[in-house]
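Single-structure report; data block below.
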Amino acid sequence: MSVFVIGYYAALIAASCLAAYFNYRRTFMLLFSLTLVSFVLGIIGGTPALRVVTIFAGALALAVGTSYAFKEFLVQIARPNLAKELRTAPLTASFGMFVIFTYAIAGIFAPVIAPHGEAEVIASAFAPPDANMLLGADQLGRDVFSRIIYGARNTVGLALTATILAFLMGALAGLLAAVKGGWFDQIMGRAADVIMSVPSLIFALLMLSIFGTSLVVIVIVVAVIYSPRVFRLTRAVAGNIVVMDYIEAAKLRGEGDWYLIRREILPNSMSPLIAEFGLEFCFVFLLIAGLSFLGLGIQPPTADWGSMVRENATLISFGDITPLIPAAAIALLTVAVNFVVDWMLFRSSGLKEH
Amino acid sequence: MGDLTRLVLKRLGLGLLTLLVVSILIFFAVELLPGDIAEAVLGQSATPETVAEMRRQLGLDQPAVWRYLQWLGGAVQGDFGVSLVSGEPVSEAIGDRFVNTLFLAAYAAVIAVPISIILGVTVALLRNTLFDRVANVLTLTSISSPEFFLGYILILFLAVKTNMFPAIASLSSDMSLSELLNRTFLPALTLVLVVTAHMMRMTRAAIINLLASPYIEMARLKGTPPWKVIVKHALPNAWAPIINVIALNLAYLITGVVLVEVVFVYPGIGQALVDAVAKRDFPIVQACCLIFAATFILLNLAADVGAILTNPRLRHPK
């Protein structure tokens with residue numbers, strides 16, 4: 001019995017006793033069941049298993065602490081009515097916001113943060129980590145850490161551009177279809193049906209095989225593939241608003257379509273659209289990551305998370321986790337955006353599942 | 001019942017029409033190439049004579065509509081033309097691969113469907129408990145991860161560190177079934193993880209929606225035992241959404257399979273598509289796209305027809 005094992009059980013049991021004494025029933029149940037599970041785990045897996053549990057619990061506690069602190073920080077600096085909303089946000093949402101904030105900083109200040117250039121060869125291929133290179137070198141001897149930081153700018157930037165374009169096209173078409181109706185509505189609706197009946201990755205591969213893989217092409221193709229989703233949502237939301245009396249009144253006043261969209265419909269359909277923007281970003285981001293993993297996204301030597309995984313994948317067969325870090329970065333950002341979107345959807349629709 | 005057949009036939013006709021429009025899209029997208037296929041394939045080595053010769057070989061001197069009809073007629077009979085790179089018929093190049101892909105998707109579906117339905121119903125019944133919250137975070141993480149991330153994690157832990165399953169799914173025709181299942185376990189598991197997460201969330205949402213309806217509350221209030229509420233009252237109405245969830249997620253498998261095949265070097269149609277895109281081998285790209293799109297449309301169709309068959313309310317649209 002090492003000091004670690006004794007300390008581990010002592011801490012768990014002491015924490016459960018404290019929770020029981022102060023009547024935190026759920027905390028107690030959680031801690032005590034963890035203690036019981038640890039007995040089994042300790043017998044089967046020995047000290048390493050317990051260490052894994054400790055590291056996992058520590059990481060979880062760190063994440064919870066960070067998100068709590070970040071939420072309080074946001075509440076302090078936000079305007080009063082926004083702060084009230086933020087106070088009710090779950091910890092997952094503030095964790096998501098913290099992660100998005102971190103990525104934004106990394107992306108915007110990439111040249112300042114990264115110790116080396118993204119295409120700069122500074123060592124031999126697959127050199128191990130040292131004081132100069134935090135995560136070692138890739139297959140051409142470029143610093144992996146710097147490339148990950150630059151990837152935040154390139155990959156996320158590309159996904160964001162494509163999402164914004166998809167959103168502008170889809171929302172504009174949806175709003176116009178709702179206001180104008182008639183043949184425009186019909187044509188747009190059918191076009192959206194056709195695009196959505198081809199799997200997005202397959203459609204993207206078809207288009208990229210024809211038009212090549214320049215950045216402009218990727219952005220336009222991805223935007224076209226995902227705009228029908230936005231179109232349908234906007235069309236549905238705006239369709240409910242168009243039949244309202246105040247729209248009728250505005251029409252009788254002689255206002256044009258553009259005024260109706262800008263001043264009457266948009267302000268009333270903002271919150272579902274913002275949530276949709278988040279969801280859309282996740283889809284676009286995963287599609288672009290998939291494409292660049294297949295070698296059809298951002299072309300080298302520009303740093304990009306998807307292609308970094310592919311280029312260094314051989315390292316995985318030696319048990320090295322470095323190639324997984326860019327992939328994890330993709331997953332983490334998507335999870336974070338999803339957390340925030342979940343909260344927004346819950347808030348805007350009053351989706352209370354009781 | 002005449003009403004029902006008419007409704008189903010109408011839906012089938014609509015599906016067929018969508019497929020036709022998609023085939024037009026796939027065929028004429030290639031026509032949008034700057035220049036044409038002959039110039040694109042020959043690239044630097046294009047001289048006026050070679051381009052003209054290639055055009056004649058590919059039949060590019062005929063009008064596009066005529067070529068489309070020929071292509072479609074061939075595709076219906078399983079003939080997708082000739083590969084531009086290797087010169088062999090496309091159907092030979094992708095025939096075996098298509099079977100492999102179907103095998104992988106079926107393998108994943110057989111594992112994923114029962115597990116995710118059972119788990120989905122369980123989390124719906126235990127909603128707002130700790131178990132539900134943890135399941136929510138885990139499924140969200142799984143959905144948000146790119147397929148290649150999950151695939152490489154599985155390779156790292158189950159193939160490299162513990163050596164339980166092979167990391168590369170190389171197949172040969174003389175393997176026994178158990179050997180085959182073992183070789184393809186990791187790619188199948190990757191697909192299972194992604195699809196299970198999707199299915200669980202959708203099942204959960206459908207069941208919660210159902211349990212909130214007044215007639216379930218009525219059954220509870222009159223003192224029906226909980227298992228009976230589920231089996232006799234909730235389940236008959238739950239089939240429609242569950243069938244829908246299954247069909248939609250099988251359709252999702254079709255796209256997921258492309259990335260997974262590349263990660264595990266699995267000899268399937270997705271890999272063929274990616275290779276053909278890199279080489280700009282348009283007949284193969286068109287054939288793969290058409291097959292994927294057809295499967296996708298077919299499964300969506302199955303979801304709709306299943307919903308019509310199991311939910312009488314859909315038979316009388318207002």
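Of all residue pairs spaced 6 or more apart or on separate chains, those with beta-carbon atoms under 8 Å, a first member in segment A:229-257 that is within 30 Å of A:Phe281 (Cα to Cα) and a second member that is outside any helix (DSSP H, G or I) and not aromatic (Phe, Trp, Tyr) are A:Thr234/A:Ser269; A:Val237/A:Ser269; A:Ala238/A:Ser269; A:Ile241/A:Ser269. The set of residues in segment B:20-41 that are at pLDDT below 80, more than 9 Å from chain A (Cβ to nearest Cβ) and open to solvent by less than 40 Å² (accessible area, probe 1.4 Å) comprises B:Asp36, B:Ile37, B:Ala38. Within segment B:111-120, is even one residue within 14 Å of another protein chain (Cβ to nearest Cβ) and either under 30 Å from B:Pro283 (Cα atoms) or open to solvent by 20 Å² or more (accessible area, probe 1.4 Å) (or both)? The answer is no; no qualifying residue exists.
Applying a threshold of 6 Å to beta carbon distances and a minimum spacing of six or more residues, or different chains, the list of pairs starting in segment B:108-137 at a residue that is β-branched (Val, Ile, Thr) and ending at one that is open to solvent by 30 Å² or more (accessible area, probe 1.4 Å) reads B:Val113/B:Ile246; B:Val123/B:Arg204. Scan segment A:316-326 for residues that are in a helix (DSSP H, G or I), open to solvent by 10 Å² or more (accessible area, probe 1.4 Å) and in contact with a Leu (Cβ under 8 Å, 6 or more places away or on another chain) and the total you get is 2. For segment A:68-85, a residue qualifies if it is over 19 Å from the mean Cα position of the chain (by Cα) and surrounded by 18 or more Cβ atoms within 10 Å (Cβ to Cβ), and exactly one does: A:Leu74. Scanning segment A:98-115 turns up no residue that is modelled with pLDDT under 90, in contact with a Pro (Cβ under 6 Å, 6 or more places away or on another chain) and open to solvent by 50 Å² or more (accessible area, probe 1.4 Å). Working only within segment B:242-279, note down all residues that are of a type outside the set (A, V, I, L, M) and open to solvent by 40 Å² or more (accessible area, probe 1.4 Å). Of everything in segment B:242-279, those that are of a type outside the set (A, V, I, L, M) and open to solvent by 40 Å² or more (accessible area, probe 1.4 Å) turn out to be B:Asn244, B:Tyr252, B:Asp275, B:Lys279.
When restricted to residues that are within 18 Å of the chain's Cα centre (by Cα) and within 10 Å of chain A (Cβ to nearest Cβ), segment B:272-293 contains 10. All conditions but one from (1) within 30 Å of B:Leu104 (Cα to Cα); (2) surrounded by fewer than 20 Cβ atoms within 10 Å (Cβ to Cβ); (3) of a type in the set (Asp, Glu) apply to B:Glu217; the one that does not is (1). Can you find a residue that is open to solvent by 50 Å² or more (accessible area, probe 1.4 Å), within 30 Å of A:Gly278 (Cβ to Cβ) and either in a helix (DSSP H, G or I) or basic (Lys, Arg) (or both) anywhere in segment A:39-55? Checking segment A:39-55: not a single residue is open to solvent by 50 Å² or more (accessible area, probe 1.4 Å), within 30 Å of A:Gly278 (Cβ to Cβ) and either in a helix (DSSP H, G or I) or basic (Lys, Arg) (or both). Does A:Ser200 fit the bill of being in the same structural domain as A:Gly295 (by TED's automatic domain parsing), small (Gly, Ala, Ser), without any contact (Cβ under 8 Å) to a residue 12 or more places away in the chain and touching a Phe, Trp or Tyr at 6+ places or on another chain (Cβ under 9 Å)? No. Taking the numbered list (1) over 27 Å from B:Leu273 (Cβ atoms); (2) free of Cβ contacts under 8 Å to residues at least 12 places away in the same chain; (3) within 14 Å of chain B (Cβ to nearest Cβ) in turn, A:Val335 passes all entries but (2). Looking across segment B:161-188 at every residue that is among the hydrophobic types (A, V, I, L, M, F, W, C) and in contact with a helix residue (DSSP H, G or I) (Cβ under 6 Å, 6 or more places away or on another chain), the one that is modelled with the lowest pLDDT is identified as B:Ala169. Restricted to segment A:293-315, and to residues there that are more than 17 Å from A:Ala127 (Cβ to Cβ) and not in a loop (DSSP other than H, G, I, E, B), the residue that is most open to solvent (accessible area, probe 1.4 Å) is A:Arg310.
Applying the criterion of being of a type in the set (Gly, Ala, Ser) and buried (at least 18 other Cβ atoms within 10 Å of the Cβ) to the residues of segment A:116-165, the residue that is nearest to A:Val217 (Cα to Cα) is A:Ala162. Evaluating A:Met308 against the criteria (1) more than 10 Å from chain B (Cβ to nearest Cβ); (2) more than 16 Å from B:Val263 (Cβ to Cβ) leaves one unmet condition, (2).
Entry remark, segment B:156-182: residues being within 25 Å of the chain's Cα centre (by Cα) and within 10 Å of another protein chain (Cβ to nearest Cβ) number 2 in total.
The values are calculated or read from the model by the stated rules, or taken from the named source; none is laboratory data. Fair warning: this is a prediction, and the values are worked out from it, not measured in the lab. Cβ sites come from the backbone with ideal geometry, for glycine too, and all protein chains shown count toward neighbours. The protein model used for the area step is the full one, side chains on, heavy atoms only, and it has no ligands, DNA or RNA in it. Shrake-Rupley method; radii C 1.70, N 1.55, O 1.52, S 1.80 Å.
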